[in-house]
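**Student:** Below are the structure tokens for one structure; questions will follow.
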Amino acid sequence: MDMKVIEIKVLRGPNYWSTYRKQLIQVKLDLGEYEQKPTNKLNGFAGRLQSLLPSLYEHECSEKKPGGFLERVREGTWLGHVIEHVALELQTLAGMDCGYGRTRSVGQKGVYHVVFAYEVEKAGLYAATAAINLVKALADEQPYDCSKDIKELMELNRRYGLGPSAKAILNAARNKNIPYRRLDNNSLILLGYGKFQKMIRSTISTTTSALGVEFADDKDETKRLLEKESIPVPHGVTFSHLDSLDEIIEEVGWPMVIKPLDGNHGRGVTTNIRSREEAELAFHQAKQVSKYLIAERYLEGFDYRFLLINYRLVAVAKRVPAMVMGDGISTIEELIRKTNQDPARGEGHEKTLTTIKIDEPTKIILAKQNLSLDAVLPEGQALYLKNTANISTGGTAIDVTSMVHPHTVFVAERIARLLNLDICGIDVIAKDIEAPLVIENGAVLEVNASPGLRMHLSPSEGSAQPVGEAIIEMLFPGNSPARIPIVAITGTNGKTTTTRLVSHLMKEAGYTVGFTSTDGIYINENMVEKGDCSGPASAQKVLRDPLVDFAVLECARGGIIRSGLGFDQCSTSIITSITDDHLGMDDINSVEDLAKVKSVVAQSTRDDGYSILNADDEIVYGLAEQLDCRIALFSVREDNKYVRAHCQKGGLAAFLEDGYVTIYKNGTRTRLMKAAEIPLSFEGKAILMIKNILAAVLAAVVNDLDMETIKKGLKSFIPSPERTPGRMNVFQFRHFKIMLDYAHNRDGLSQLKEYIDNVQASVKTGIITSPGDRREEDIINVGKCAAEIFDEIIIRHDDDTRGRSKDQITQLIKKGINSVNPNLPVNVISGEIDSIQYAMHMARENSFIVACVDKVEKCVEYVIRAKEFDNTMQYLESAPSMQEQFSAG
């Protein structure tokens, strides 16, 4: 029986399924013949599943009790639901905490959306495929080994997941409501938005001194600097050739340490060297790590790691080298294997402890003691397996933060200041940590930039220290801001104009604004990217820019469906309208489905923020009941019942009253200015633009702009092809006018109708089309609406007809036109520029042409060039050559 994956999406922000759970895999799955085979009709399926993955018992599912999911399987559920739970459990068994899932029909028989959480994106994608393969094998009564999948998922987690240190920092950021985003597959993380952003990689941040890191990388220079400042350090010398070894031995003396000059994590370090033979072996090991080496006097004592953050001592761990304890039965190799089975141990830095490797240094240590891996240690005998006590080589840690002598605290903090390292790890050898750190008691061995946090987060003994919180507090002290104001705007129509107007008002208020739109990305009025930039990746580019202190983000349907929002929450949201556009695409089949998509923006509004809703749109207003944030309403009707009730309750609103843009706030009604005085309103005739104005005014009010600044901004926002490209761009020729607009659906045309009906013209000509990926009824409705507006119609076609032929689109539009007015003159001029050229050529005295355009910039350029010839009729003959230039371009 067949089962087919139609599509897989990775959601990375607030999304259609959840605004809280941002990291989700969405699989569109066709069950094929399995649609007729729920689990209770698959002989023995429940038993095979439970036998293979017994831990599924912990899944409560809708039963809200352990064993609930398996109970559903026995009673009968569809395989998509089982795949959801298996994908979650495979990731959990591989060490990734994933617990959220949903499986829902897409409205087509046998086809489902299987949605589940992921922690590591590549692991989530792998889990999707593995879960499908596993469930299909069990359904077909075939054997399946899931251990290979779990092993691969563990490897993906190790390679691409965040380690304990990064997770501790991000948990602290989350607790302080600081947004964050990974910038690569390693540990580079952006904290905060816009001008408040900070970056951190491992434990090196944007505040860390590059010179301090340089000092730490050069252990010899660090030692000389500290020695000069009376910090106790062991005597040592730098060398690079084996020829110098005898001379080094004579100067340093036994016992000694040989280590790389610029090593880390204990690599290439040999301690307690007591013979020429051991020294030569140590030389070769260190040479594998670094060209230059340090030989220094070996000091007796315990190994400690001091962690300093913001030049303050926050944690101290006593480090114990990797070891095993004899039981009188097991070999050393078996003891190591048993120790590595501790779930707290993993490869590299993935877990709080690291597995113990049997490497060359371990073999040398065993050889010194005349031991082999097959030797059996007596019960109770400890065997240390490494020369150093690093966690990265399998060591453990004991927290001793509260035991450190005050003078030693002073010395450690002085070192951090001397080296100008705001985050550093200091390695100390000391006989007694409760006594002052002087040369008789111990010394500083080295200073490390980017110290690991694992030993302090989960010590083998003692208390964990809040080191992640300390780093976040250093970067964002107290209540210092990490976020900038974000106005997020969505809706069927009006998004781009509203975005541009809000951005303009905020610029008038003195902000450095970054905004995204279907035209491009703009930072401080400079275009940084051209094209449709209304998706999450574009939003992240604005929020990533350190100049920006106010963001205005247009959020289109496609981006939300494709991968979610590009931010975790906004301070203000605006929903302009929700009408039947794009239905039948991406499994959004009704206006209610579309409203759920758009509501993601409103539901991502902070609790103390505002969602600004169009009260003239019943569906938009209906979203208010779902929201936890504050609500502001706008309407072009002063008698709107929703606005009236909202104001009676003390709510914030903006509406059109006696021709004035009016604001109701805190029980006070304020007339801002006449709508007709606002250039964008087109003398008060463009109701669709007044809606945008009202929404933008409310955004300004909730972001504390004063009335004079708002009025100044509204007056200075002059609609033009440069400022509002493709949004009611009107060009006056000697004998006619032409307006270019991006209207591409019934609602867009309907809103234009309110303006066009008030235009005085001898003839009104419409140049229209529809994207081919719309439903038949949507394309027909474009024709119907156009027939109600225009005296004559030209049908054109986009370059990309999106799945339908030009003829199919033409016939559907004509069907709509004929249903309203079968006698309406209709021409078909397929090319976009050709259709405009034809309309201007045929234009009669005092006629008005409305061209609904797709390639806005190209059309605007053509019309402007045509207008240059308007002083003669020659431009009509030259137009074809201009068209040829556009075609060539």
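The values are calculated or read from the model by the stated rules, or taken from the named source; none is laboratory data. Here the structure is a predicted model, which means the values were calculated and not measured. Note that we place each Cβ from the backbone using ideal geometry, even for glycine, and neighbour counts take in every protein chain shown. We work out accessible area using only protein heavy atoms, side chains counted, and drop any ligands, DNA or RNA first. Shrake-Rupley method; radii C 1.70, N 1.55, O 1.52, S 1.80 Å.
**Student:** Which FRET efficiency, nearest 0.05, do ASN479 and ASN823 yield, Cβ-Cβ r, R0 56 Å?
**Tutor:** 0.20
**Student:** What residues qualify as long-range amide H neighbours of ILE612, i.e. H under 5 Å apart, gap of 5 or more or another chain, H built at 1.01 Å from N?
**Tutor:** SER573, ILE574, ILE575, ALA632
**Student:** If amide hydrogens are placed 1.01 Å from N in the peptide plane, which non-local residues have theirs closer than 5 Å to the one on VAL528?
**Tutor:** It is ILE521, TYR522, ILE523, by chain and number.
**Student:** Please list the non-local residues whose amide H lies under 5 Å from the amide H of LEU261, H modeled 1.01 Å from N, same-chain partners needing a gap of 5 or more.
**Tutor:** Residues meeting the amide H criterion: TYR292, LEU293, ILE294.
**Student:** Another question about this same structure. Could you check the spin-label model distance between GLU708 and GLU592? Points 7 Å from the Cα along Cα→Cβ, value in nm.
**Tutor:** About 5.2 nm, to one decimal.
**Student:** Another question, then. Just report the Cα centroid separation between the stretch 277-296 and the stretch 645-722, whole Å.
**Tutor:** Centre-to-centre (Cα) distance: 75 Å.
**Student:** Helix-derived [θ] at 222 nm for the chain: sum -39500 (n - 2.57) over DSSP H runs of at least 4, divide by residue count, nearest 500?
**Tutor:** Value at 222 nm, helices only, nearest 500: -11000 deg cm²/dmol.
**Student:** Additional query: Hey, can you find the accessible area per residue of the stretch 545-596 for me, probe 1.4 Å, expressed in square angstrom?
**Tutor:** About 27 Å² of surface per residue is accessible.
**Student:** Still on this structure, please answer the following. Count the DSSP beta bridges whose two residues both fall in the chain, then state the antiparallel fraction as a percent rounded to the nearest 5.
**Tutor:** Counting DSSP beta bridges with both partners in the chain, the antiparallel share is about 65 percent.
**Student:** Computed FRET efficiency, Cβ-Cβ of TYR57 and ARG174, R0 30 Å: what is it to the nearest 0.05?
**Tutor:** 0.50
**Student:** Rounded, prolate or oblate: which one fits the stretch 38-124, using the alpha carbon gyration tensor with axes a ≥ b ≥ c (rounded when a/c is under 1.5, else prolate when a/b beats b/c, else oblate)?
**Tutor:** Since a/c reaches 1.5 but b/c is at least a/b, the shape of the stretch 38-124 is classed as oblate.
**Student:** Expressed as a whole percentage, what fraction of the accessible surface of the chain belongs to carbon and sulfur atoms when a 1.4 Å probe is rolled over the protein heavy atoms?
**Tutor:** It is 47 percent, rounded to a whole number.
**Student:** Can you list which of the GluC sites (Glu not before Pro) found in the stretch 1-72 are DSSP loop residues with at most 16 other C-beta atoms within 10 Å?
**Tutor:** Answer in residue order: GLU60.
**Student:** Using 19 Å as the Cα-Cα cut-off, could you pick out the over-long pairs in LYS598/LYS858; LYS641/LYS712; LYS151/LYS351; LYS37/LYS122; LYS318/LYS431; LYS219/LYS291?
**Tutor:** Correct reply: LYS598/LYS858; LYS641/LYS712; LYS37/LYS122.
**Student:** Relative to the first principal axis of the alpha-carbon coordinates of the chain, what is the inclination of helix 874-888, with its axis defined by its Cα atoms, in degrees from 0 to 90 and to the nearest 10?
**Tutor:** Between helix and principal axis, roughly 30 degrees.
**Student:** Same structure again: Give me the distance between the Cα centres of the stretch 412-469 and the stretch 500-529, rounded to whole Å.
**Tutor:** Their Cα centres are 47 Å away from one another.
**Student:** Something else: To the nearest 0.05, what FRET efficiency results for GLN648 and ASN758 with a Förster distance of 35 Å applied to their C-beta separation?
**Tutor:** 0.60
**Student:** Keeping all protein chains in the complex and leaving out DNA, RNA and ligands, what accessible area do you get for HIS646 with a 1.4 Å probe, in Å² to the nearest 10?
**Tutor:** Near enough 40 Å² of accessible area.
**Student:** Separation of the stretch 734-804 and the stretch 145-184 by C-alpha centroid, Å?
**Tutor:** Between the Cα centres of the stretch 734-804 and the stretch 145-184 lies a distance of 51 Å.
**Student:** Here is a follow-up. Where does helix 164-175 land angle-wise versus the long Cα axis of the chain, in degrees 0 to 90, nearest 10?
**Tutor:** Roughly 50 degrees between the two axes.
**Student:** List the residues of the stretch 470-493 whose backbone N lies under 19 Å from a point placed 7 Å from the Cα of VAL528 along the Cα-to-Cβ direction.
**Tutor:** From the stretch 470-493, the list is 482-489.
**Student:** Please compute the per residue accessible area over the stretch 170-302 with all protein chains in place, 1.4 Å probe, rounded to a whole number of Å².
**Tutor:** Accessible area per residue, the stretch 170-302: 50 Å².
**Student:** Taking only protein heavy atoms into account and a 1.4 Å probe, give the accessible area per residue of the stretch 375-527 in Å².
**Tutor:** Result: 34 Å² of accessible area for each residue.
**Student:** What is the packing order of peptides 417-426, 397-406, taking the mean over residues of other C-beta atoms within 10 Å and listing the highest first?
**Tutor:** 417-426, 397-406
**Student:** If packing is taken as the mean number of other Cβ atoms within 10 Å per residue, what is the order of 556-567, 243-254, 200-211, highest first?
**Tutor:** 556-567, 200-211, 243-254
**Student:** Provide the net charge surrounding HIS797, with neighbours chosen by a C-beta distance below 11 Å and charges set as Lys +1, Arg +1, Asp -1, Glu -1.
**Tutor:** Net charge around HIS797: -3.
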